[in-house]
1. Filter region A:345-362 down to the residues that are of a type outside the set (Phe, Trp, Tyr), more than 20 Å from residue A:322 (Cβ to Cβ) and out of contact with any Asp or Glu (no Cβ under 8 Å at 6 or more places or on another chain) and list them by number.
2. Of the conditions (1) under 21 Å from residue B:142 (Cα atoms); (2) surrounded by fewer than 21 Cβ atoms within 10 Å (Cβ to Cβ); (3) in contact (Cβ under 8 Å) with a residue 12 or more places away in the chain; (4) within 14 Å of another protein chain (Cβ to nearest Cβ), residue B:12 satisfies every one except a single condition; which number is it?
3. Counting just the residues of region A:5-47 that are of a type in the set (Ser, Thr, Tyr) and more than 14 Å from chain B (Cβ to nearest Cβ), which one comes out nearest to the chain's Cα centre (by Cα)?
4. Of all residues in region A:86-113, count the ones that are within 30 Å of residue B:52 (Cα to Cα) and touching a residue at least 40 places away in the same chain (Cβ under 8 Å).
5. Out of (1) closer than 18 Å to residue B:56 by Cβ; (2) surrounded by fewer than 14 Cβ atoms within 10 Å (Cβ to Cβ); (3) without any contact (Cβ under 8 Å) to a residue 60 or more places away in the chain, what's the single condition that is false for residue B:135?
6. Would you check which residues across region A:237-267 are crowded, with 16+ Cβ neighbours inside 10 Å, assigned to a loop (DSSP other than H, G, I, E, B) and not small (Gly, Ala, Ser) and list them?
7. Taking region A:180-203, which residues are within 20 Å of residue A:66 (Cβ to Cβ) and either of a type in the set (Ser, Thr, Tyr) or crowded, with 24+ Cβ neighbours inside 10 Å (or both)?
Amino acid sequence: MSGTLRFIQGNEAVVEGALYAGLGFYAGYPITPSTEITELLAERLPKRGGTFIQMEDEIASMCSIIGASLTGKKVMTATSGPGFSLMQEAIGYAVMAEVPCVVVNVQRSGPSTGLPTAVAQGDVMQARWGTHGDHAIIALTASNLQDVFKLTIEAFNMAETYRTPVILLLDEVVGHMREKVIIPNEGEFVVQRLITSVPEGTDYHPYLAREDGRLPMSDFGGVHRYNVTGLVHDMWGFPSNDPTVAYNLLRHLVDKIEKRSHEIARYQEHRIEDADILIVSYGSSARSALHMIEKGRDSGIRIGLLELNTIWPFPYEVVRRAAERTEIVLVVEMNMGQVYQEVRRAVKTDRVYLVNRFDGVFISHNDIEKTLNVVMGRGV
Amino acid sequence: MSTKSFVFTGSGGQGVITAAIVIGEAAALHEGLNAVQTQVYGPEARGGATRSDLIVSSDPIRYPKVINPQVLVCLTQEAYNKFAPIVRPGGLLIADASFVSTVRKADARQIVLPMFETVKKELGKTMAFNICMVGCVLAFTGIVSKDSVVKALTSRMPPAHLEMNLKALDLGIELAKDYGNSVAAGCGKTAS
C-alpha cells in the first residue's frame, strides 16, 4: 500500500477518511472528545474546495448537513453524547427523507454532560433507537486507527449506497489515542453519489427505486419539482395518509438495511477456530480484549475474540456462528450491557457474561481477567 | 527491543502530552517501531492534573494505556504525590527540582533535575520546559535517537519556536549527562 505514514489521533484519522471519501460539506459544533474533527476540518476542508460551517448548536449542524446533502454534497457532522441527543430529531428526518449523511459520535460518559473527558460506550442503544418511530440505522465502530480511517470511508459508502444516515460510533480512547496510520494515496473503494437528471416535461419520481435497488438522488435545483418531507410520502415525495403508502414506505425504510445486514456486517475474528471461550467486543474495549486473548493464549487458555465493526444492524448471524463451538461467551464493553443483551439474543448458550466499566475509567485486560477467573472457577 | 512504557504527568499546559507525542512520533515514524500515546486530563484548559501514557514496542500494542510505567516523569508535586506509587519496581522516576520534592519512598531510581530552572536561565523563556524533559528522558533511556526527535520536532513545531525547542532538547541531554558524571564522581544527589 503506497501512502503516507502518520502518527495521528483517531479524530484525525476520521478527518483523513472523510476527505478521502470526498467530503464536500461539514457543519458542526465542537464538543469534547470530538473537537479535533471540527477543528481540523475548519482548516482543511475549505482548502479542498469544500464548505465548513460552525453552527450555533448540534440541531442546526444536523439540519444543515441534510440540506447540503440534498444539493449533491457528501456531508458529515461530529459530536459527542449531549450533541448526539440534540441531533436525534433531524436524524429521523434524514432516515425518512432518505438523505445520505455521516454522523460521528465520539462517545464520552453520560447521561447528560456526564464526565466530559472520560471514556464510555453508552450510546449504542441511542444510535439504534435515539430517534422515534420504527426505522433501521447503520452504526459502525473501530478499535485501531487504520480501521477508523477505513470505516470512515465505509460509512460514506454505505450512506450513499443505502441513502441513509450512518453513525460512526467511536469513543474517547479511540478518538484521542495516537498511533501509526498509513493514509493511502489510492486504492480504497469510494462509492460515488448517484444523481438522476430528468429532462423537462418528463415525470420525476424521487422515491422510485431502480432495478438494482439503489435510489438515485435528484439533481436538486434542476428542472423538476422535488418535495422533501418528514411526513409519510408517496413516490413523488408528497405527503400521504394512505395506509398502503405508509406500509410500503416503512417496509422499504427498514428492509433496505435489515435485509442487507449480511452485506453491511464488518467484523474481525482473532483465534476463534479452537476457542473454548469467546469474547465479543468493539471499539476501544476490543483492544483490551485482544490483549487478554494474547495473554490468555500464552498461559494455555483457548480463548478467542470476535470484534464487531458493524454494531447496527446487529450481526446476529455472525455472532451466532462465532459462538457455535463455545460454551462461554464474555461481552466486553463500557456501558451497563447494551451489546450484551444483543449477544444473548444471538447465541444458544446461557453462559453469557458481561465484563464492563461505566465509571469513566478505560477497561483493562485485568478487568477482563478477573471475570474470566470467576467464570473458569478460579475465583477472583 | 521489547516494550517500554512511559507515563508523563504534570499540570495542564506544561506540555506533558506534547512531550509524549514527540517521542511517540520519533519512534513510530523515524525508527520503524510501534507507538501508542493516550492521555487523561480534566475539563480545564490550563491547570488540573494531566497524564499522558506512551508505549513504544517492536511488537503490536493492544491495550493502549500504561498500568505500571518503566519510566515516570512528574512535573508537579500534585502529580508526584498521585502517581509516584505506580512506577514499576526497578523503574526510573524523573522529577523537576523546582516543583517536586521527593518525599515518598519508591522502589525506583528517583532523579531530580533542575529542568525548569535551566530552561529559564539559558533560554529566558520556560515554554520549552517539556522538550528539555524529553532530552533528559532520551539521555537516560536511549528509547530513540536524538536525530529522530529532531525530525519529529521539526515537523511539529512552528518554525519560529523550533530553534528554542532544539536548544531545550540539548539542555536536557546535557543535564542528564552532568547528572551521570556527578553520580560517577560520587557527589550526585539521588533521592531515595
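1. Matches in region A:345-362: A:359, A:360, A:361.
2. All conditions pass for residue B:12, except number (1).
3. So, considering only residues that are of a type in the set (Ser, Thr, Tyr) and more than 14 Å from chain B (Cβ to nearest Cβ), the one nearest to the chain's Cα centre (by Cα) is A:34.
4. Pass one, region A:86-113, residues within 30 Å of residue B:52 (Cα to Cα): A:103-113.
Adding the requirement that they be touching a residue at least 40 places away in the same chain (Cβ under 8 Å) leaves A:103-109.
Qualifying residue count for the region: 7.
5. (2)
6. Scanning region A:237-267 gives A:260, A:266.
7. A:196
Here is a yes/no grid of residues against (1) at pLDDT 95 or above; (2) surrounded by 19 or more Cβ atoms within 10 Å (Cβ to Cβ); (3) small (Gly, Ala, Ser); (4) not assigned by TED's automatic domain parsing to the domain that holds residue A:178:
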{"site": "A:12", "(1), (2), (3), (4)": "yes, yes, no, no"}
{"site": "A:17", "(1), (2), (3), (4)": "yes, yes, yes, no"}
{"site": "A:20", "(1), (2), (3), (4)": "yes, yes, no, no"}
{"site": "A:27", "(1), (2), (3), (4)": "yes, yes, yes, no"}
{"site": "A:42", "(1), (2), (3), (4)": "yes, no, yes, no"}
{"site": "A:47", "(1), (2), (3), (4)": "yes, no, no, no"}
{"site": "A:69", "(1), (2), (3), (4)": "yes, yes, yes, no"}
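The values are calculated or read from the model by the stated rules, or taken from the named source; none is laboratory data. Note that the structure is predicted; figures quoted are calculated from it, not measured. Cβ sites come from the backbone with ideal geometry, for glycine too, and all protein chains shown count toward neighbours.
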